[in-house]
Structures are given as C-alpha cells and as structure tokens.
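The values are calculated or read from the model by the stated rules, or taken from the named source; none is laboratory data. As the structure is a computational prediction, the values presented were derived from the model and not from experiment. Here the Cβ is made from the backbone with ideal geometry for all residues, glycine too, and neighbour counts use every protein chain on show. With ligands, DNA and RNA removed, areas are computed over all heavy atoms of the protein, side chains included. Shrake-Rupley method; radii C 1.70, N 1.55, O 1.52, S 1.80 Å.
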Amino acid sequence: MNEKQGQLYLCATPIGNLEDITMRVLRILKEADLIAAEDTRNSIRLLNHFDIHTPMTSYHEYNKIEKAYELIRKMQEGKNVALITDAGTPGISDPGEDLVRLCYEAGITVTSLPGACACVTALTLSGLPTRRFCFEAFLPPDKKERREILEELQTETRTTIIYEAPHRLVRTLTELLETLGDRRITVCRELTKKHEVAFQTTLSEAVKWYTANDPKGECVIVMEGKSRAELAQAQQKAWEEMSVSEHVEQYMNQGMDRRDAMKQAAKDRGVSKREIYAALLETQE
C-alpha cells in the first residue's frame, strides 16, 4: 500500500450465499480504514457474520458525487477505502462506477477484488449461448429511453442479460415479448440461495406463468439473441417490398454514385447488375 496515499478497493460481496465471499475480500474488509457501503443496515449483517469491525459510511445513488469527493479526500490523506454494494460486484449497475472514475481523475489507485456477480452467474446458469453477450442491467424507467433500448434489442444477436425486481417482472417480460417477439429465455431467481431457480422457458410462456404465479426475489432475465439468419430474412423481405428504383435511390441518398448504388442493390437482391439496370429502364418508360 502507498504510504503517502490510500487507495480504493472494490470488494465483491455475496449475492446470496455467504460462503461465496473470497478470503481476499475478507482480509481487505478487515484491514481497510473505512468501508463505504450502499446500505449500512444491510452490510452490518455481513460484517457481523464475519466478525469485521471496520468503520462504515454510506455511499449510494443519492450522495454518490458529494460523498465520492469526501472519500477521495480521505484516501489522499492516506486512508484505504473498501467499497461494497448490497450484493455482488461494486461498479456493476451501481454508483461505484462514478467513484472509480473520480478516483482516477484524482490520481487514486483503484483495485478490484473479484467475486460474485449476478449477471455472470445467471448467464452461465441459463443454458443459452455464453460466447457473446450484452448486459442491459435494469431497463430505464423513462418511457422514451426504455422504448429506444427495446427497439435496439430487436436486432441484437448476442445473449442479453436484464435485471428486474419481482413486482415489475411481468411488465418487463410483456414489453420484451411485444417488441422483440417470442424468444427463448431463462429467468433466474434467488441466485446462490437455497431456493435458487433457473426457469428455462420462452417470453410468451414466462408472461403466462408469472401472471398466475407471483415471482419472489430479485430476478435476472437471460434472453437469446436474434439469429443472423432471421435478420437476413427480415432484410431480404424489406428489400423485396421496395421497388428497384427505391432501392437504388436509397444508396444514392447515402452518397453512392449511381453505378455503385446499382451494384449494391444487385448484391442485396441476389441478382445481376444487368437485371437492376433493366428494371430501372422499365420504370422510366
């Protein structure tokens, strides 16, 4: 540790099962001068369980900037601060990302201590493709922004991970179904706990099930991406609904010259450039 300046430790805490905390995190929580916790009332139970008596202070969404500068001042004075969230890895869909950014701006060293993370746990448990994935966290409450993100997901080919609270699960599943069509999903609940559930189903069936059965516990939705074959079919259909002249004009409006536009339209439609030229001549007659 720097003798003149302290540093920030991002300490992953259990998402359910207390045995999932690492020995390294336990050591840092004991050695740190201060623990910054998302909810001290929740975190005190964790610290008591492991007999940790390090002083705590709150760091959450509503004080994240003002408190960040206070914590940075302490680190500049030589104090080491351990940041913990209610569950999982700090900085993932929580204000920890702001503290990390501000620490770097102030020249403070940041170290991340890996451990439990709900999104990765759910992904590996889902049975869906894991090589490529995207993480959306909680969908935004703002209607316009929410709609824009849902529309972007229409063409997302990667497995998508979304967090949701149990009382909003049916609404979110319904919006996903209406916007994206039916997809394979796995709904993970109570991760790492005694009653852990990984419900492999589809969006339509999940809406029916959770409408009739109230979900309990924080939820992670893992959803398959749209296949590239489906995207290609949809694009081909869109081109077929265009006239040849509209197709060529679309590319010309994007800055292509007429020759290149005709060539690209021919490639899109799987025909020769001669056929495109002939179709354009017919429209001019």
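Just checking, how many residues over the range 150-183 are charged (D, E, K, R) and within 15 Å of the chain's Cα centre (by Cα)?
4
Can you give me the number of residues within the range 246-261 that are closer than 13 Å to Lys273 by Cα and of a type in the set (Asp, Glu)?
Qualifying residue count, the range 246-261: 1.
Looking at the range 128-144 only, could you name the residues that are open to solvent by less than 60 Å² (accessible area, probe 1.4 Å) and in contact (Cβ under 8 Å) with a residue 60 or more places away in the chain? Let's see the steps before the verdict.
As a first pass, look at the range 128-144 and keep what is open to solvent by less than 60 Å² (accessible area, probe 1.4 Å): 128, 134, 136-137, 139-140.
Result: Leu128, single match.
Test Lys74 against the stated conditions and say whether it is basic (Lys, Arg) and either modelled with pLDDT of 95 or more or more than 30 Å from Glu136 (Cβ to Cβ) (or both).
yes
Can you find a residue that is more than 26 Å from Asn17 (Cα to Cα), open to solvent by less than 90 Å² (accessible area, probe 1.4 Å), within 30 Å of the chain's Cα centre (by Cα) and modelled with pLDDT under 90 anywhere in the range 203-214?
The answer is no, given that none of the residues of the range 203-214 is more than 26 Å from Asn17 (Cα to Cα), open to solvent by less than 90 Å² (accessible area, probe 1.4 Å), within 30 Å of the chain's Cα centre (by Cα) and modelled with pLDDT under 90.
Just to be sure, is Lys64 modelled with pLDDT under 95, open to solvent by 30 Å² or more (accessible area, probe 1.4 Å), among the charged types (D, E, K, R) and in contact with a Gly (Cβ under 9 Å, 6 or more places away or on another chain)?
Yes: the conditions hold for Lys64.
Of everything in the range 196-223, what is touching a residue at least 12 places away in the same chain (Cβ under 8 Å), part of a loop (DSSP other than H, G, I, E, B) and not charged (D, E, K, R)? Give them in sequence order.
Pro215, Gly217
Taking the stated definitions as given, is Gly115 of a type outside the set (Ser, Thr, Tyr) and more than 17 Å from Arg184 (Cβ to Cβ)?
The answer is yes for Gly115.
Arg147 - would you say it is within 15 Å of the chain's Cα centre (by Cα) and surrounded by fewer than 16 Cβ atoms within 10 Å (Cβ to Cβ)?
no
So which residues in the range 251-276 are under 20 Å from Gln233 (Cα atoms) and of a type in the set (S, T, N, Q), if there are any at all?
Correct list: Gln264, Ser272.
Please identify the pairs in which a residue from the range 248-262 that is free of Cβ contacts under 8 Å to residues at least 60 places away in the same chain and hydroxyl-bearing (Ser, Thr, Tyr) has its Cβ atom under 7 Å from the Cβ atom of a residue that is open to solvent by less than 70 Å² (accessible area, probe 1.4 Å) and assigned to a helix (DSSP H, G or I), counting only partners at least 6 apart or on another chain.
Note: pairs meeting the criteria are Tyr251/Ala261; Tyr251/Gln264; Tyr251/Ala265.
Of all residues being among the hydroxyl-bearing types (Ser, Thr, Tyr) and not in a helix (DSSP H, G or I) in the range 55-89, which is farthest from the chain's Cα centre (by Cα)? Just the residue, please.
Here the answer is Thr57.
In the range 1-54, what count of residues is obtained for those that are part of a helix (DSSP H, G or I), open to solvent by 20 Å² or more (accessible area, probe 1.4 Å), under 19 Å from Asp94 (Cβ atoms) and of a type outside the set (Val, Ile, Thr)?
5
Give the number of residues within the range 90-111 that are open to solvent by 30 Å² or more (accessible area, probe 1.4 Å) and in a loop (DSSP other than H, G, I, E, B).
Matching residues across the range 90-111 total 4.
Go through the range 86-127 and count every residue that is among the hydroxyl-bearing types (Ser, Thr, Tyr) and without any contact (Cβ under 8 Å) to a residue 40 or more places away in the chain.
2
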